[in-house]
Each structure stands twice: as structure tokens, then as C-alpha cells.
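In what follows, a structure is listed as C-alpha cells, so that the remarks can point back to it.
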Amino acid sequence: MTAYAFDYLVFIGRFQPFHLAHLQTIQIALQHSQKVILALGSAQNERNLKNPFLAQEREQMILSNFSAADQARIQFVHVIDVYNDVKWVKLVKDLVAAVTQASDKVGLIGHFKDESSYYLQLFPEWEMLELDSLVGSISATPLREAYYRGEIQTEFLPQGTIEFLQKFQSSEIYPKLQAKYQQQDKSNL
């Protein structure tokens, strides 16, 4: 049995879509932790250009990139947007506490890429496993924009995500999102 530094590592993200840097982060988390909790942000049951995929769809997209053994070590919690840091931190902590034991060593894994990463500092009781920038600096925003233009930027995406996005293009939802993207100011993404 491998001795892990953590019982659980929490990785917070929207994963819209799940890309290679996300994959690499989870792979590193699995090396350091018995289990990984993915806190799926913006988990409310509505779609928009910034959040085109529902939480259950993102779970499928993410898990499709891992072996059955690794899938068994990945858990999800769904974090809705509350637009208040104090309430949001409490929500994340409560969701994590619901799947862990009080005696478990819980840590947080992430990368301070820009000012939007400030939330990583909001959990001082969780030891931080800070990562350097992974596989270049991939951002989901330009990947979404390309996707709405009909492109799947395969060089930045793991195979399971590519297959998910291809299948999603055949859904009735995709053309509606594409049309909304073409009508809307691109800066809102």
C-alpha cells in the first residue's frame, strides 16, 4: 500500500472544458493523495457561454480520461455560484466535510496563475500543494471560444474531452450556444 501525504486533495475548478493542465493536476494529486475531490464550480443547472456544460456532463468528460482504478479515487462535489467569498468558502468546506472524516488529512492542490486564483488562499486550514504552471499556460476561455467557432483545439485537450466535445456538437444545445456566442460581445466569456 502506498503511503500518501494526504487522504484527500481538493482541486477546485469549473473545467469548462477539461484540458491537459487539469488532467496533469489530477495525475499529480493522485500521486500525493489517496483520493481526489474535484469541486466543480458553477454547478447550478443552467447553461451559458461561460458554463456550457452541466456538472454531470463535466463529471463524464473528466472521468473518461482516467483508468477505472483512478476513477474510483476521484470524487465530485458540486459548488453552485453564491457570489460571496465567505458563503462560498463555507459551502466548499461543508461539501468536502460531507465526503471526508474529521481525522482525514485534507489538502488543496492548485496553481496561482493570475488574480482569479486568489480563492486558493481562502482555505488556510488545508495544506496547499502548489503547482507550477503545467503544460504551458492553458486557459479554458480561448478553448471555449474556438469551440463556439466550430474548432476543437485537440493539442490542448485529452482524448476523453475531445470525444465528449465532438459528441456534444451533435446535441441540440450546441448550435444554440454557438448562435448566442455569435450574437454576444466576446468579452463576456
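Might you let me know whether the stretch 99-110 holds any residue that is β-branched (V, I, T) and assigned to a loop (DSSP other than H, G, I, E, B)?
Within the stretch 99-110, one or more residues are β-branched (V, I, T) and assigned to a loop (DSSP other than H, G, I, E, B).
Quick check on this structure: which one of Y181, Y119 is in contact (Cβ under 8 Å) with a residue 60 or more places away in the chain, open to solvent by less than 60 Å² (accessible area, probe 1.4 Å) and over 27 Å from Q75 (Cα atoms)?
The conditions single out Y181.
Mind checking whether some residue in the stretch 62-69 is outside any loop (DSSP other than H, G, I, E, B) and under 12 Å from the mean Cα position of the chain (by Cα)?
Yes, because at least one residue in the stretch 62-69 is outside any loop (DSSP other than H, G, I, E, B) and under 12 Å from the mean Cα position of the chain (by Cα).
Give the stretch 26-61 a look and list any residue that's in a helix (DSSP H, G or I), open to solvent by less than 10 Å² (accessible area, probe 1.4 Å) and either of a type in the set (V, I, T) or farther than 17 Å from F168 by Cβ (or both), or say none.
I26, A29
How about the stretch 65-102: which of its residues are without any contact (Cβ under 8 Å) to a residue 60 or more places away in the chain and among the hydroxyl-bearing types (S, T, Y)?
Result: S67, Y83.
The values are calculated or read from the model by the stated rules, or taken from the named source; none is laboratory data. Predicted model only: the values in this text are computed from it and were never measured. Reconstructed Cβ throughout: ideal geometry from the backbone, glycine too, with neighbour counts over all protein chains shown. Side chains included, ligands, DNA and RNA excluded: accessible areas come from the protein's heavy atoms. Shrake-Rupley method; radii C 1.70, N 1.55, O 1.52, S 1.80 Å.
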